[in-house]
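The values are calculated or read from the model by the stated rules, or taken from the named source; none is laboratory data. Note that the structure is a prediction, hence the values are computed from the model and not measured. Note that we place each Cβ from the backbone using ideal geometry, even for glycine, and neighbour counts take in every protein chain shown.
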Amino acid sequence: MRSIPSVLRRTLTPIATSLLLTAGAAAHAQMLIGWAQMPAATFADGPTSGQFTGPNAYGTNVPPYVDKQPVQGFSGVLESPRKDVFQFLVDNGFGAQANSADALLRSYALHILWRTPKGGQGAIEPADLDSGKARPAFDTRTRLALNDAQRKLTIPIQADYANYYNNPANAQVDGGIRAGRLLTGADFDVESFRRDRQGNYWFGDEFGPYLVKTDANGTVLRSEIPLPGVYAPQHKDVTAGKATANLPGSGGFEGMAINKNETRLYTLLEGQVAGDPARTRRINEFDLGKESYTGRSYVYRLDPNGNNIGDMVAVDDLRFIVLERNGSTATSPNPAPFKKVFLIDLKDVPDGGTVRKTELVDLMNLADPFDLNADGQRFFTFPYTTIENVLVLDPRTLLVVNDNNFPYGGGRELASDNTEFLKVRLPFSLKNDGDEGGTGHGQGRDRDHRAGGYDGEDD
């Protein structure tokens, strides 16, 4: 291990120094090497939101939010060409189809101002979606807005109605939603997204579950694509009486990865399909060129302590990283919070077979020798209900971010949850011997330390 710089030695307690040395001696054990936070009450301009959701139990951040949209509920992340700038997907809004008709489906560009062992703010700022440069607020330049301006979808959307939920007793649908045919959280519950080699986006939805393809500006390019034989309660065939639901609500595409060669999507269901073995989830392969499922699938088996999937991202063509969790938090700790990152491998797994699975990181037990979140502790826990963003920054570093479920919370305290951004040092490298592009499918390419890897120690 390289010696600790003298400027850091002067600022570390003896315990912190000992922990750092121990962590280095233990082959760089899982460690928090970057941290930042975005306040729960962070907003962008837009139509009034929260008209159909209730207040949280804490009496704060009470809806509705007049002429603004919360920047919250991050459920997917892509890398940007600019260092430390990332594009985050907002999910359906307030947690359900019945309360999110005025929540717009958007993604935002954020610049993370990391706090690292060398210092730093530990904050975020809005960024231009195209250039990555800082913006004064979350305005139109910072976001992608999903829309069906070309009328490609075959499901009714809020923009089709005069009043929200097509109910005359409700408020009129915002004029901007109708004019732009903007998509809302009552239309889709988007929980994952990827960008293909043509620059188009693919969104994974939970209501169908459907795949939704848009262009680089968020405009839907074709009809929604269902997963054959799988029906959530909100699926158009279920609501029309043509099929019976066999997937729980909110059980759709929580995770979705694009392989390194950008020829396939791999969708991971959050819920169990009726009739499948207990505690298993389906991974289905989708051909991007043909825009259809290949018929090939795999089985993901949950850990005995896990009950939900958070996200999935590709390492290469055969290996993927999966977030797995239960719903426990620091304020609701029974059973104990379970929040882990796993590496799965499809190599030599037959069609319909169970993927191999290796634990990478326990997010409830990270070394934090520099106390980057300033809580007075030299270890770090991440006890949020939902953790739904993971990205490979380099072969030794992951980005992990929670979904804060605004205005609700209870992750760390009895209050609305903030959004926390973690840079986690892995206990070993993800790079295979002989790799020529490295791992680097953090929506794309191997950028060793380019996206802000560990500044203290190199392999």
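Evaluate the range 146-160: report whether one residue or more is among the charged types (D, E, K, R), in a loop (DSSP other than H, G, I, E, B), within 24 Å of GLY50 (Cβ to Cβ) and in contact (Cβ under 8 Å) with a residue 40 or more places away in the chain. Checked against the condition, which is being among the charged types (D, E, K, R), in a loop (DSSP other than H, G, I, E, B), within 24 Å of GLY50 (Cβ to Cβ) and in contact (Cβ under 8 Å) with a residue 40 or more places away in the chain, the range 146-160 yields at least one hit. Could you go through the range 363-373 and let me know if any residue there is farther than 19 Å from ALA40 by Cβ, part of a loop (DSSP other than H, G, I, E, B) and of a type in the set (Phe, Trp, Tyr). Yes, the range 363-373 has at least one match.
Taking the range 176-209 on its own, how many of its residues are in contact with a Leu (Cβ under 9 Å, 6 or more places away or on another chain), of a type in the set (Phe, Trp, Tyr) and part of a loop (DSSP other than H, G, I, E, B)? Number satisfying all stated conditions: 1. Of all residues in the range 220-254, those satisfying the criterion of being over 21 Å from the mean Cα position of the chain (by Cα) and polar (S, T, N, Q) are SER223, GLN234, THR239, THR244, ASN246.
Regarding GLY175, is this residue in contact with a Lys or Arg (Cβ under 9 Å, 6 or more places away or on another chain) and not β-branched (Val, Ile, Thr)? Spelling it out, it is not the case that GLY175 is in contact with a Lys or Arg (Cβ under 9 Å, 6 or more places away or on another chain) and not β-branched (Val, Ile, Thr). Among the residues of the range 339-366, those that are surrounded by 20 or more Cβ atoms within 10 Å (Cβ to Cβ) and under 24 Å from SER416 (Cα atoms) comprise LYS339, LYS340, LEU363, LEU366. In this structure, is ALA149 more than 22 Å from ILE225 (Cα to Cα) and of a type in the set (A, V, I, L, M)? Here the answer is no, as ALA149 does not meet what is asked.
Can you tell me which of GLU262, GLU285, GLU324 is in a strand (DSSP E or B), of a type in the set (Asp, Glu) and in contact with an Asp or Glu (Cβ under 7 Å, 6 or more places away or on another chain)?
Values: GLU262 fails: in a strand (DSSP E or B); GLU285 fails: in contact with an Asp or Glu (Cβ under 7 Å, 6 or more places away or on another chain).
Testing whether each residue is in a strand (DSSP E or B), of a type in the set (Asp, Glu) and in contact with an Asp or Glu (Cβ under 7 Å, 6 or more places away or on another chain) leaves just GLU324.
Which of the residues spanning the range 42-60 are modelled with pLDDT of 95 or more and either assigned to a loop (DSSP other than H, G, I, E, B) or among the hydrophobic types (A, V, I, L, M, F, W, C) (or both)? Break it down into steps so the answer makes sense when it comes.
Applying the first criterion (modelled with pLDDT of 95 or more) to the range 42-60 yields 42-53.
Within the range 42-60, THR42, PHE43, ALA44, GLY46, PRO47, THR48, GLY50, GLN51, PHE52, THR53 qualify.
Annotation note: Cβ proximity below 7 Å between a residue of the range 97-126 that is surrounded by fewer than 19 Cβ atoms within 10 Å (Cβ to Cβ) and a residue that is among the basic types (Lys, Arg) and part of a strand (DSSP E or B) (sequence gap 6+ or interchain) occurs for GLN121/ARG115.
Residues are listed down the side, and each one gets a yes or a no for (1) more than 18 Å from GLU191 (Cα to Cα); (2) crowded, with 22+ Cβ neighbours inside 10 Å; (3) among the hydroxyl-bearing types (Ser, Thr, Tyr):
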| position | (1), (2), (3) |
| --- | --- |
| THR294 | yes, no, yes |
| GLY310 | no, yes, no |
| ASP317 | yes, no, no |
| ASN326 | no, no, no |
| SER332 | yes, no, yes |
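Filter the range 63-83 for residues that are of a type outside the set (Gly, Ala, Ser) and over 17 Å from ASN402 (Cα atoms) and give the result.
Initial filter on the range 63-83 (of a type outside the set (Gly, Ala, Ser)): 63-72, 74, 77-79, 81-83.
PRO63, PRO64, TYR65, VAL66, ASP67, LYS68, GLN69, PRO81, ARG82, LYS83 - these are the residues of the range 63-83 that are of a type outside the set (Gly, Ala, Ser) and over 17 Å from ASN402 (Cα atoms).
Scanning the range 121-145 for residues that are more than 16 Å from PHE43 (Cα to Cα) and either assigned to a helix (DSSP H, G or I) or among the hydroxyl-bearing types (Ser, Thr, Tyr) (or both) turns up just one, SER131. Residues in the range 128-145 that are free of Cβ contacts under 8 Å to residues at least 60 places away in the same chain and surrounded by 15 or more Cβ atoms within 10 Å (Cβ to Cβ): ASP128, LEU129, GLY132, ARG135, ARG141. Taking the range 264-277 as the range and being under 12 Å from ARG194 (Cβ atoms) and surrounded by fewer than 19 Cβ atoms within 10 Å (Cβ to Cβ) as the test, only ARG264 passes.
Residue count for the range 219-240 under the criterion of being in contact (Cβ under 8 Å) with a residue 40 or more places away in the chain, within 30 Å of ALA179 (Cβ to Cβ) and in a loop (DSSP other than H, G, I, E, B): the result is 5.
For ASN261, state whether it is exposed (fewer than 15 other Cβ atoms within 10 Å of the Cβ) and out of contact with any helix residue (DSSP H, G or I) (no Cβ under 7 Å at 6 or more places or on another chain). Steps first, answer last, please.
Working: exposed (fewer than 15 other Cβ atoms within 10 Å of the Cβ): yes; out of contact with any helix residue (DSSP H, G or I) (no Cβ under 7 Å at 6 or more places or on another chain): yes.
Against the criterion (exposed (fewer than 15 other Cβ atoms within 10 Å of the Cβ) and out of contact with any helix residue (DSSP H, G or I) (no Cβ under 7 Å at 6 or more places or on another chain)), ASN261 qualifies.
Annotation note: Cβ proximity below 7 Å between a residue of the range 414-433 that is touching a residue at least 12 places away in the same chain (Cβ under 8 Å) and under 16 Å from TYR384 (Cα atoms) and a residue that is in a strand (DSSP E or B) and of a type in the set (Asp, Glu) (sequence gap 6+ or interchain) occurs for no pair.
Residue count for the range 94-123 satisfying the condition of being among the β-branched types (Val, Ile, Thr) and within 19 Å of ASP403 (Cα to Cα): 1. Checking GLY76, GLY93 one by one, the residue that is surrounded by 23 or more Cβ atoms within 10 Å (Cβ to Cβ), out of contact with any His (no Cβ under 6 Å at 6 or more places or on another chain), in contact (Cβ under 8 Å) with a residue 12 or more places away in the chain and in a loop (DSSP other than H, G, I, E, B) is GLY93 and no other.
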